[in-house]
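Notes for the one structure printed next.
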Ligand code: NAD
């Protein structure tokens, strides 16, 4: 039997409608500034998407572009002045940055109350202390989809594949707070030949590895809820055109799972909605 497809689009629209209603009550619209260093196609595409979504809900958006020759010290100075600007509510650093810039240093310089992407160490610390609203947008989006499955998390077997700071680790921490029995797998698990042993145990499987088709149909338990965070560009062998796929072999997994999120159209739209929500919360605070 085919799994229920859990689409992110309608949930994102609902979140955006709630944000819009809140913004209508405010004296001035929230303001989000994106900092971009150099010119990267991916970062530019993401910025365009942010600008469009902000416009939809009434958030003022500014893309601050810097030459890829800017020194780290000068960039930190620019971030500091955004921290001090009372008209700026949220700051986001577009990734990737050039090699001579340490992204972690820049992220740590963004004032925690303006860090709407949840990448400052203070906010990651707040996630540990049980503040889901401080988590990175992608982690919040994945957890929102887990909630949408309606599965009782208390004592449920949750397996997270991937342990990055922006997805795997915060997702695991947030679900631990719901008393799920949470395991985190990563490249070490795969290299030890143990990945399947863990994934087949999951009632809820969240995959954020950046490896197209990593999770095959025979690596999951019948009826499991699968949240696929992966976004990978691959070449379609039949058409030769490039397309976006997740980390889960969708065609196989959809025949085994109970619920599955599509790629594109699953976690992605909700991640953007969460960025808008974090900006609203920052402005209200
Ligand atoms: P990352 O590269 O920082 O981390 C990857 C993680 O996967 C690491 O923990 C690594 O050990 C693990 N991993 C890699 N290969 C593995 C394997 N063969 N077996 C098991 N584990 C393996 O990645 P990230 O930034 O967390 O992103 C993960 C994926 O999520 C990417 O595809 C990225 O494009 C996507 N992503 C999606 C959104 C969204 O809005 N949907 C946002 C951010 C990232």
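Which residue fluctuates most in the GNM of the chain (Cα springs below 10 Å): 249, 21, 51?
The residue that fluctuates most here is 21.
Sort out for me the Cα centre separation of segment 9-26 from segment 56-72, rounded to whole Å.
Between the Cα centres of segment 9-26 and segment 56-72 lies a distance of 24 Å.
What does the highest-first list of 163-171, 118-126 look like by mean Cβ count within 10 Å?
Going by the mean number of other Cβ atoms within 10 Å, highest first, we get 163-171, 118-126.
Can you tell me the length gained on complete extension of the stretch residue 103 to residue 17, counting 0.36 nm per residue apart and subtracting the Cα distance?
This chain segment gains 27.7 nm when fully extended.
Please give the helix 267-284 orientation as an angle from the longest Cα principal axis of the chain, in degrees from 0 to 90, rounded to the nearest 10.
Its long axis makes an angle of about 40 degrees.
Please give the helix 41-57 orientation as an angle from the longest Cα principal axis of the chain, in degrees from 0 to 90, rounded to the nearest 10.
80
In whole percent, what relative contact order does segment 57-149 give with Cα contacts below 8 Å and a gap of six or more residues?
20
Of the DSSP beta bridges with both residues in the chain, give the percent that are antiparallel, rounding to the nearest 5.
10
Please compute the contact order of the chain in relative form: average sequence separation of alpha-carbon pairs under 8 Å and at least six residues apart, divided by the residue count, as a percent.
Normalised by residue count, the contact order of the chain is 22 percent.
So how far apart, in nm, are the two label points at residue 4 and residue 111 if each is 7 Å from Cα heading toward Cβ?
Inter-label distance under the simple model: 4.3 nm.
Compute the orientation-averaged projected area for segment 95-185 from the convex hull of its Cα atoms and round it to one decimal in nm².
6.2
First check a/c for segment 174-214, with a ≥ b ≥ c the square roots of the eigenvalues of its C-alpha gyration tensor; if it is under 1.5, answer rounded, and if not, answer prolate when a/b is larger than b/c or oblate otherwise.
prolate
How big is the C-alpha Rg of segment 28-115 next to the rule-of-thumb value 2.2 N^0.38 Å, as a ratio?
Cα-based Rg divided by the globular estimate yields 1.04.
In whole Å, what are the Cα extents of the chain along the three principal axes, biggest one first?
Computed over the Cα atoms, the extents are 53, 41, 37 Å.
Can you give the helix-only mean residue ellipticity at 222 nm for the chain, where every DSSP H stretch with n ≥ 4 adds -39500 (n - 2.57) and the sum goes over all residues, rounded to the nearest 500 deg cm²/dmol?
Value at 222 nm, helices only: -12000 deg cm²/dmol.
On alpha-carbon atoms, Rg over Rh for segment 135-267 using Kirkwood Rh?
Checking Rg against Rh, the ratio lands at 0.95.
Using alpha carbons only, how many degrees (0 to 90, rounded to 10) separate the axis of helix 72-84 from the longest principal axis of the chain?
80
Quick check on segment 135-267: of the DSSP beta bridges with both residues there, what percent are antiparallel, nearest 5%?
20
Could you please state, rounded to a whole Å, how far the C-alpha centre of segment 197-241 is from the C-alpha centre of segment 112-190?
Their Cα centres are 18 Å away from one another.
Just so you know, all these numbers are worked out from the coordinates, no wet-lab data involved. It should be emphasised that the depicted structure is a prediction, and the values quoted were computed from it without experimental measurement. Cβ sites come from the backbone with ideal geometry, for glycine too, and all protein chains shown count toward neighbours.
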